[in-house]
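Everything below concerns the one structure shown next.
The values are calculated or read from the model by the stated rules, or taken from the named source; none is laboratory data. It should be emphasised that the depicted structure is a prediction, and the values quoted were computed from it without experimental measurement. Every residue, glycine among them, receives a Cβ derived from its backbone with ideal geometry; neighbour counts consider all protein chains shown. For the accessible areas, the whole protein counts, side chains as well, though only heavy atoms, and no ligand, DNA or RNA atoms are used. Shrake-Rupley method; radii C 1.70, N 1.55, O 1.52, S 1.80 Å.
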Amino acid sequence: MAAQLLPAAASETIALPCLTNTAQIRTLSAEEAGYGYPLKLEGVVLYADPQFGDLIIQDATGGIYISGWTNRYGSLQPGQLVQVIGVSGSGDYAPVAVLSKLNFLGRGIIPPAHPVSYQDLTSGVEDGQWVEVRGIVRSATLSQVRTNYSNKYLVIQLSVGGDQLTVRVRHFEGVNLDRLPDAEVRVRGVLVPMFSSHRQLYDVILLVPSPADLQIDLPQPEKPFDCAARPINSLLQFSPVKKLGHRVKIAGTVLLQRLGEVFVKDATGGLCIRTAQAMSVSPGDRVEVLGFPAHGEYSPVLEDAVFRKAGNGAPPKATPLTV
């Protein structure tokens, strides 16, 4: 039976009922959750990261963020069954469980993740839930995420239905980062919000426990640079056969390189290449580039691009222009 929730005036004089599942907490308003309803939950650990203090568990009714967890309660791994004793809290975005005692109950079973769209993710309703997302990997890098934190994470930028989602994988041993870009993948993880001081959602991140929750459905081509180069002026034009959302290849002559950008031209036009690659090239060098076509301010650009040097050449001659 669902606990009967009480208004603020009544909560000052009547004992608050104990909440025993995550759905009872998630249906509270921020004000109601702030009353500190006592709670006793049993659930399986979905994600535990002591560096950020992130702990999310799930019971039969859904997932919930556990506030106040640190390693002093003991090390946790996904799949452990735990009992959480504490009170409800308003949280910074959605209601949370504020931990006061944690008991270990053995091993549990992580339930299947439910598939979601990008619109589902950004609605906010999937906060703290175990979800599965399909998309195309745009980039994969190792990052400390915060400069004052020591642990590194595998950070993936995932294209989901034309929009981008940041995926953070806690353990990444054995993952070949170079083979991830342009692969079609399924990712299981816990969705957490990015929010303003006014509790307003502005972005989301998917927290992924391990590489086992990252499944490649369609790998990138075995030799990505062996595909045919497209003329620069053909980018973003209609084509009945192109694979939407995937990388394309162009080839041309370097005009200029500056931090994060390389400008390249071929016989049909010029293009700005946006890249995190640190390799140095000079005007006149011939390069092959793989990247994701996108709308620039005035013309197409290639984003999340990688390139390789194909030869040397003289710097191109400038085109005379009038004012």
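Quick notes
- Of all residues in region 106-133, exactly one satisfies the criterion of being out of contact with any Gly (no Cβ under 9 Å at 6 or more places or on another chain), part of a strand (DSSP E or B) and open to solvent by 80 Å² or more (accessible area, probe 1.4 Å), namely Pro115.
- Residue match in region 11-27 (condition: under 22 Å from Arg107 (Cβ atoms) and among the charged types (D, E, K, R)): no
- Restricting attention to region 65-80, the residues that are free of Cβ contacts under 8 Å to residues at least 40 places away in the same chain and open to solvent by less than 50 Å² (accessible area, probe 1.4 Å) add up to 9.
- Applying the condition of being of a type in the set (Lys, Arg) and under 14 Å from Leu214 (Cα atoms) to region 142-173 and asking which residue is most open to solvent (accessible area, probe 1.4 Å) yields Arg170.
- Unmet requirement for Val145, which otherwise passes all of (1) touching a helix residue (DSSP H, G or I) at 6+ places or on another chain (Cβ under 6 Å); (2) β-branched (Val, Ile, Thr); (3) not in a strand (DSSP E or B): (1)
Conditions tested, residue by residue: (1) in a loop (DSSP other than H, G, I, E, B); (2) open to solvent by 30 Å² or more (accessible area, probe 1.4 Å).
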position: His198; (1), (2): yes, yes
position: Ile205; (1), (2): no, no
position: Pro221; (1), (2): yes, yes
position: Ser239; (1), (2): yes, yes
position: Gly245; (1), (2): yes, yes
position: Leu255; (1), (2): no, yes
position: Val262; (1), (2): no, no
position: Cys272; (1), (2): no, no
position: Ser280; (1), (2): yes, yes
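- For Ala94, the criteria (1) closer than 14 Å to Gly63 by Cβ; (2) open to solvent by 40 Å² or more (accessible area, probe 1.4 Å) hold in every case but one, which is (2).
- When Asp182, Asp178, Asp163, Asp203 are checked against the criterion of being of a type in the set (Asp, Glu) and modelled with pLDDT of 95 or more, Asp182 stands alone in meeting it.
- Of everything listed in (1) within 23 Å of Val160 (Cβ to Cβ); (2) crowded, with 19+ Cβ neighbours inside 10 Å, the single unmet condition for Tyr37 is (1).
- Residues being closer than 14 Å to Val301 by Cα and hydroxyl-bearing (Ser, Thr, Tyr) - total across region 214-265: 1
- Residue pairs meeting the criteria (Cβ under 8 Å; at least 6 apart or on separate chains; first closer than 13 Å to Val45 by Cβ, in region 95-121; second among the acidic types (Asp, Glu)): Leu105/Glu42
- None of Ala305, Ala212, Ala294, Ala229 is of a type in the set (Gly, Ala, Ser), farther than 30 Å from Gly124 by Cβ and surrounded by fewer than 20 Cβ atoms within 10 Å (Cβ to Cβ) except Ala229.
- Test: residue in region 174-192 that is open to solvent by less than 60 Å² (accessible area, probe 1.4 Å), in contact with a Phe, Trp or Tyr (Cβ under 8 Å, 6 or more places away or on another chain) and of a type in the set (Val, Ile, Thr): yes
- So Gly43, is it touching a Gly at 6+ places or on another chain (Cβ under 7 Å) and open to solvent by less than 10 Å² (accessible area, probe 1.4 Å): no
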